[in-house]
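Before any comments, here is the structure.
The values are calculated or read from the model by the stated rules, or taken from the named source; none is laboratory data. In this text, all values refer to a predicted model and were calculated from it rather than measured experimentally. Positions of Cβ are generated from backbone atoms using ideal geometry, with glycine treated the same way; all protein chains shown enter the neighbour counts. The accessibility values were calculated without ligands, DNA or RNA, using every heavy atom of the protein model including side chains. Shrake-Rupley method; radii C 1.70, N 1.55, O 1.52, S 1.80 Å.
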2 protein chains.
Amino acid sequence: MKTQFYTATSLDGFLATEDDSIDWLFPLGDINDTGYPSFIAEVGALAMGSSTYEWMLRHAHTVAAETGSSWPYSQPTWVFSSRTLPSVAGATLHFARGSVQLAHAAMRAAAGDKNIWVVGGGDLAGQFYDAGLLDEIIVQVGSVTLGKGKPLFPRRLTSPPLQLASVRQMGTGFAELRYRVPKSPASRTPNVSIGDA
Amino acid sequence: MKTQFYTATSLDGFLATEDDSIDWLFPLGDINDTGYPSFIAEVGALAMGSSTYEWMLRHAHTVAAETGSSWPYSQPTWVFSSRTLPSVAGATLHFARGSVQLAHAAMRAAAGDKNIWVVGGGDLAGQFYDAGLLDEIIVQVGSVTLGKGKPLFPRRLTSPPLQLASVRQMGTGFAELRYRVPKSPASRTPNVSIGDA
């Protein structure tokens, strides 16, 4: 059971434009030609921030056209937000506030032997990293640059560095890079966080 | 003869920290284990911005320890800056101001059959792109994130996108991604720029 930050990004490290558009992403290739189908088959629970969740709500039409359903996930999904957000039909949703640690314990219980997917955004993935709970970063690097936008992973992670596990080319539109995440310095000090119980 | 932006970057798209440090880069691997030796063998002229050049001046000691010389390039080098900068012993330097087009014509003449290397920074590479003079972007993606710093390529380049030509893993510290650059929309309109003479 791993906790994985799996995402597409521009070559220059942006998940989306400043106004949360990912329109640049769709022309680059078909998601079914990527490692996504085999990835999602091993996912037992999802985590996403409010920007990602609200993008899903706003683009229900696009999502349905791409996937066949306006909410394409059968897995239970934890939405992290300090605000009260609307639900969506057909989704198993848990709205979470505050530290990711408590929610991670619940996600782990729900996922069983399967993995936890941190869908985004970058700061939510960073919070899992800060808590020592992130095992892998899997990035589909799209063949574009955005110049500015929503950051991939707003953290300094250099010592120890990530460990590149594999690279894979998917046409001319994507490179998939898979990394193992070292435990954050804070998480290497002994602790009794709920996530480790 | 190609004009190539060849650089190392963090996974999240930064060439250096905000204070121009690339100390995170050296522990990731030995430059001689990368494609650099075969790349530099085909380079006939270099272009760099003032931050890159001044980094070389400030770190003459580090550069000498890594390469055996405080100025490791035998090729003529164009330094783009609006300021007057000191020279360095053993280097063939041309100080250039203003548009990259005029200088590119001189670099092309100097390089002969070989390539022009845009060393950095990202905005200088962007200026070559804006002028329709950039053919390839070759990125060594280091297995770190910096969170903030000097941007890889401060341009929006999505339509048409870059064309991923190859990917290559170098240990756990680097992934090399090679892209062909589409001509910028501006350069596709007929023009008689000096660079095309």
Pairs, please: C-beta under 6 Å, at least 6 apart or cross-chain, first residue within 20 Å of A:Q75 (Cα to Cα) and in the stretch A:115-143, second open to solvent by less than 10 Å² (accessible area, probe 1.4 Å) and in a helix (DSSP H, G or I)? A:I116/A:M107; A:V118/A:A125; A:V118/A:F128; A:F128/A:V100; A:L133/A:H104; A:L133/A:G195; A:L134/A:F128
Name the one entry in A:A41, A:A16 that is within 22 Å of A:T145 (Cβ to Cβ) and hydrophobic (A, V, I, L, M, F, W, C). A:A16
Which one is most open to solvent (accessible area, probe 1.4 Å) among residues in the stretch B:141-158 that are touching a helix residue (DSSP H, G or I) at 6+ places or on another chain (Cβ under 8 Å) and either β-branched (V, I, T) or more than 7 Å from chain A (Cβ to nearest Cβ) (or both)? B:K150
Quick one: count up the residues across the stretch A:123-155 that are over 28 Å from B:R180 (Cα atoms) and either among the aliphatic types (A, V, I, L, M) or touching a Lys or Arg at 6+ places or on another chain (Cβ under 8 Å) (or both). 12
Can you say whether A:P185 is surrounded by fewer than 23 Cβ atoms within 10 Å (Cβ to Cβ) and at pLDDT 95 or above, as far as the supplied structure shows? no
Qualifying position, being free of Cβ contacts under 8 Å to residues at least 60 places away in the same chain, crowded, with 17+ Cβ neighbours inside 10 Å and either among the acidic types (D, E) or part of a loop (DSSP other than H, G, I, E, B) (or both), among A:A103, A:A91, A:A175: A:A91
The stretch A:37-82, residues that are touching a strand residue (DSSP E or B) at 6+ places or on another chain (Cβ under 9 Å), touching a residue at least 40 places away in the same chain (Cβ under 8 Å) and within 23 Å of A:S10 (Cβ to Cβ): A:F39, A:I40, A:L46, A:A47, A:M48, A:G49, A:S51, A:T52
Might you let me know whether the stretch B:101-120 holds any residue that is under 27 Å from A:P161 (Cα atoms) and within 14 Å of chain A (Cβ to nearest Cβ)? yes
Breaking point among (1) open to solvent by 10 Å² or more (accessible area, probe 1.4 Å); (2) within 28 Å of A:A60 (Cα to Cα); (3) of a type outside the set (V, I, T), for A:G126: (1)
Qualifying positions in the stretch A:160-172 - at the interface with another protein chain (Cβ under 8 Å from one of its Cβ atoms), over 17 Å from A:F128 (Cα atoms) and open to solvent by 10 Å² or more (accessible area, probe 1.4 Å): A:Q163, A:A165, A:S166, A:V167, A:R168, A:Q169, A:G171, A:T172
One residue from A:A131, A:A96, A:A41 being more than 14 Å from chain B (Cβ to nearest Cβ) and surrounded by fewer than 16 Cβ atoms within 10 Å (Cβ to Cβ): A:A41
For A:S82, indicate whether it is farther than 23 Å from A:K183 by Cα, open to solvent by 20 Å² or more (accessible area, probe 1.4 Å), touching a Lys or Arg at 6+ places or on another chain (Cβ under 8 Å) and small (G, A, S). yes
Out of B:Y53, B:Y73, sole residue that is surrounded by 17 or more Cβ atoms within 10 Å (Cβ to Cβ), assigned to a loop (DSSP other than H, G, I, E, B) and in contact with a Ser or Thr (Cβ under 9 Å, 6 or more places away or on another chain): B:Y73
Scanning the stretch A:15-31 residue by residue, the ones that are in a loop (DSSP other than H, G, I, E, B) and surrounded by 13 or more Cβ atoms within 10 Å (Cβ to Cβ) total 7
Can you run down the residue pairs with Cβ atoms below 7 Å, 6 or more apart or on separate chains, where the first is in the stretch A:153-165 and of a type in the set (F, W, Y) and the partner is open to solvent by less than 40 Å² (accessible area, probe 1.4 Å)? A:F153/A:G122; A:F153/A:A125; A:F153/A:G126; A:F153/B:D12; A:F153/B:T145
